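What follows is calculated from the coordinates using simple rules that are stated; it is not laboratory data. Please read all numbers here as calculations on a predicted model, not as lab measurements. Methodologically, a virtual Cβ is constructed for each residue, glycine included, from the backbone with ideal geometry; neighbour enumeration extends over all protein chains shown.
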Amino acid sequence: MGNIFKCLCFGCLPDCLKLRCIEKKKYSFPFKRYKTFVQEVIDGDTFHITFFVEKTPVTMKIRLIGIDAPEMSSKNPLEKKASEMLTKYLKQRLEGKYFDCELFKWDKYGGRVIGHLYMRKNYSISDILISRKLVKCYEGNKKEEWTNDELTHIYNFDYANMKLK
């Protein structure tokens, strides 16, 4: 993984790495911690990442474990706006950068892996977003509806002064 991975940056990734998961098949790889490159922030809890498994590059979607973010596809206009604000912020802070990523399992649909992205050794992006009330805790049960107060907080949050540390 070492030197090959360190030289990669978003601008010089080979075309094969810029592709999203073309086939939603289940790759067989060990679920553990990897050094990953965030190619794209899809929304507040889903990203396209690239990492190496035994010198083979793998690009796939990761859904952050334990959180629920507002959805862009919501029929609620305030939820859409809150989702856009959070996604825009995460794009600015995460896309094109490297993070440690711990992968746990395939999601129930088989197209994404569930895991954590870490800012530091054991401090995840999920922890940061939860502590600032930009996402909700989610344990896999039925999702709670977002309240207008929660969505207004996310939409009006002072992103300019928020640091991901």
Whole-Hz ³J(HN,Hα) from phi, Karplus 6.51 cos²θ - 1.76 cosθ + 1.60, for region 92-99, glycine and proline x:
5, 8, 10, 4, x, 10, 9, 9
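Quick one: Phe52, Phe47, fewest Cβ neighbours within 10 Å first, how do they rank?
Numbers: Phe52 18, Phe47 27.
Least to most surrounded, the residues fall as Phe52, Phe47.
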Part-to-part distance (alpha-carbon centres) for region 113-165 and region 27-75, which is given in Å:
16 Å
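So which of Lys80/Lys121; Lys91/Lys133; Lys61/Lys121 end up more than 28 Å apart by C-alpha? Don't skip to the end; give the middle numbers.
Details: Lys80/Lys121 32 Å; Lys91/Lys133 18 Å; Lys61/Lys121 22 Å.
From Lys80/Lys121; Lys91/Lys133; Lys61/Lys121, over 28 Å: Lys80/Lys121.
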I need the peptides 79-87, 144-152 ranked by packing, meaning the mean over residues of other C-beta atoms within 10 angstrom, with the highest value on top.
79-87, 144-152
Burial ranking of peptide ranges 91-100, 55-64 (average Cβ count within 10 Å, highest at the top)
55-64, 91-100
As a footprinting exposure proxy, order His116, His153 by other Cβ within 10 Å, with the fewest listed first.
His153, His116
